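Every read-out reported here was derived from the displayed coordinates using simple, explicitly stated rules and does not represent laboratory data. Model, not experiment: these values are computed from the prediction. Methodologically, a virtual Cβ is constructed for each residue, glycine included, from the backbone with ideal geometry; neighbour enumeration extends over all protein chains shown.
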Amino acid sequence: MSEPIFAGQDVRRIETRAIHVPLPDLDGLRPLSMPIFQTSGFAFDDPDALTDGLNRPDGAFGYSRLSNPTVRALENAVADLEGGVAAVATASGMSAVNTVLLGSLRAGDHAVMQRQLYGGTTSSFRHLAERFGVETTGIVGDDIAELRAAIRPNTKLVYVETITNPTTRVCDLPAVVEAAHEHGAIVVVDNTFATPVLFRPLEHGADIVLHSTTKYFGGHSDVTGGVIVFADDARYRAVWDTAQELGPTADPFAAWLTLRGLHTLPLRMRQHCANATVIAERLAAHPAVSAVHWPGIPTHPDHETARKLLPDGYGSTFSFDVAAGREAARAFVSHLRLAVMAPSLGGIETLALHPASTSHRQLDDAGLAAAGVGQGTIRLAVGLEHADDLWSDLAQALEHAAG
Ligand SMILES: *Cc1c(COP(=O)(O)O)cnc(C)c1O
């Protein structure tokens, strides 16, 4: 985390850039905190200036579905942290996913996706096939031969997550990018689990990065949002056009809360990763736990790739298997006193979930196996409590999971 983001370009580190974010022009005003422009639109004297504002993202602020100063401040800040040319903030992570897919694919195109993606994203790909005639092939993600075999002449897009949910697979992104670009396909990366503090996919050749900012960017479990970041201007303008049509753009207040969270993202990620290291290692040594799926553990299948690509930390959301199976895992989550049983991740508080009875409840055993989830799997999103307090809670809940 101490390396400058752009050697030779901007020598400021990510901790500094997250605090001194590039604000849009505010007519000479320099507020310390970006104000909330809670307005649906802006007044003009010159009709051409209004038209210009409606036609392009860098015209005057005109109508808040198209552009708003508070939302722009968030977009500029995330684009800067990810090393992109521009960003589009959206109302949720799923609206970011669907805006990218609908803005980049058309009937007859083909896409390749990693098999263990966020459930909502997997559904979106399935509906693209059923409703819009865009077929998708699923691959494991770290098998580049499988990726090359999946690519067809009409493949336009390859979609991966930096760290998958909840199995924490880490693909070799530079190799994925090379294979995709050889065939003219763009690479889209959901970087929600890593954040730009741990990994910046555009620096490895990806074309589009997206986030559920509901998670680590917001960071306080109080806002829903998403963001899309672009490596090049033409693609930014094309997807901006789609976003204006579909209308999933972010609300100014949600953008403001997210920007407030962003200022402390590097600080929080450091502690999230430190806590996760303590917890993952203690879980791995516990007799009631049969496996810990966290990229920092040497037995993890992608540990070497993760060491290479994520030198600053492996994230704080991962899963582990309770040895005694389904009922023991359910007893574990029911007996937590400090960690909270809830969906979502990336907030200040530790959250735990039994995927087989919640997020993955629609899947049978074969479906669960394909998703890398067992009946005894627990997903843990390690928060910012003191690691020893957290461990005391997990250890007492594990006593109820001994079988
Ligand atoms: C939560 C999540 C999403 C969806 O984001 P929402 O803000 O809930 O719409 C997408 N991708 C990943 C990896 C997520 O964790």
### Query
By how many degrees, between 0 and 90 and to the nearest 10, does the Cα long axis of helix 265-284 differ from the longest principal axis of the chain?
20 degrees
#### Entry: Gap separating the Cα centres of the stretch 337-402 and the stretch 161-232, nearest whole Å
23 Å
### 0 to 90° range, to nearest 10: angle between helix 252-262 axis and the chain longest Cα axis
50 degrees
## Note on the structure
Mean Cβ-within-10 Å packing, highest first, puts peptides 218-225, 338-345 in the order 218-225, 338-345
### Message
Nearest 5 percent is fine: what portion of the DSSP beta bridges confined to the chain is antiparallel?
### Response
55 percent
### Volume in Å³ per residue [convex hull over Cα atoms, computed for the chain]
141 Å³
### Query
What angle do you read, to the nearest 10 degrees and between 0 and 90, between the alpha-carbon axis of helix 93-104 and the longest principal axis of the chain?
60 degrees
### Query
At what distance in nm do the modelled label points of Q38 and A395 sit from each other, each positioned 7 Å from its Cα along Cα→Cβ?
4.7 nm
### Message
I want to check the label-to-label distance for D222 and A342. Put each point 7 Å from Cα in the C-beta direction and report it in nm to one decimal.
### Response
1.2 nm
### Query
Between S290 and D143, what length in nm is gained on full extension when 0.36 nm per residue of separation is reduced by their alpha carbon distance?
50.3 nm
### Task
Whole number please: convex hull volume per residue, Cα atoms of the stretch 127-247, in Å³.
133 Å³
### Query
For the pair H303 and A402, what calculated FRET efficiency results from E = 1/(1 + (r/R0)^6), where r is the Cβ-Cβ distance and R0 = 25 Å, to the nearest 0.05?
0.35
#### Entry: Positive dipole terminus of the chain, leading residue within I163, L102, F42 (C-beta point charges)
I163
### Message
Just to check I understand the Karplus step: with θ = phi - 60° and J = 6.51 cos²θ - 1.76 cosθ + 1.60, what whole-Hz values come out for the stretch 293-302, glycine and proline as x?
### Response
9, 9, x, x, 7, x, 7, 4, x, 10
### Positive-end extreme of charge dipole, the stretch 207-324 - chosen from V227, T264, N275 (charges on Cβ)
N275
### Message
Can you tell me how the stretch 1-158 classifies by the Cα gyration tensor, rounded, prolate or oblate, using a/c under 1.5 as the rounded cut?
### Response
oblate
### Query
Over the chain, what is the mean sequence separation of C-alpha contacts under 8 Å (at least six apart), divided by residue count, expressed as relative contact order in percent?
16 percent
### Residue-span extension gain [Y63 to D388] - 0.36 nm each, minus C-alpha spacing
112.0 nm
### Task
From the C-alpha gyration tensor of the stretch 337-383, pull out the three semi-axes of the equivalent ellipsoid (sqrt of 5λ each), sorted largest to smallest, in whole Å.
22, 9, 8
### Query
Within the stretch 59-101, whose backbone N sits under 11 Å from a point 7 Å along Cα→Cβ of D46?
60
### Task
Using 0.36 nm per residue of separation minus the Cα-Cα distance, give me the extension gain between A366 and S334 in nm, one decimal.
8.9 nm
### Task
Would you work out the charge dipole size for the stretch 90-168 about its Cα centre, treating the Cβ of every Lys and Arg as +1 and the Cβ of every Asp and Glu as -1, and quote it to the nearest 20 debye?
220 debye
### Message
Can you list residues from other chains, or at least 5 along the same chain, whose modelled amide H is less than 5 Å from the amide H of I186?
### Response
L157, V158
### Query
FRET efficiency for R152 and A238, Cβ-Cβ distance as r, R0 = 22 Å, nearest 0.05?
0.50
### Query
With each run of n ≥ 4 DSSP H residues scored as -39500 (n - 2.57), what mean residue ellipticity at 222 nm is computed for the chain after dividing by its residue count and rounding to the nearest 500 deg cm²/dmol?
-11500 deg cm²/dmol
### Message
From zero outward in steps of 5 Å, how is the percent of C-alpha pairs of the stretch 261-403 spread across the bins?
### Response
2, 11, 19, 23, 21, 15, 7, 2, 0
### Query
Any idea what diffusion coefficient the stretch 212-336 gets from Stokes-Einstein, in µm²/s, Kirkwood Rh on alpha carbon pairs, 10 °C, 1.306 mPa s?
91 µm²/s
### Message
For Cα pairs less than 8 Å apart in space and 6+ apart in sequence, what is the mean separation divided by the residue count of the stretch 43-163, i.e. the relative contact order in percent?
### Response
20 percent
### Query
Using a simple charge model, +1 on the beta-carbon of Lys and Arg, -1 on the beta-carbon of Asp and Glu, nothing else, what dipole does the chain show about its Cα centre, in debye to the nearest 20?
560 debye
### Query
Ranking L81, L128, L147 by Cβ neighbours within 10 Å, fewest first, what do you get?
L128, L81, L147
### Message
In whole Å, what are the extents of the stretch 28-118 along the principal axes defined by its C-alpha atoms, from largest to smallest?
### Response
50, 32, 22
### Message
Using amide H atoms built in the peptide plane, which far-off residues or other-chain residues are under 5 Å from V340 H to H?
### Response
T350, L351, A352
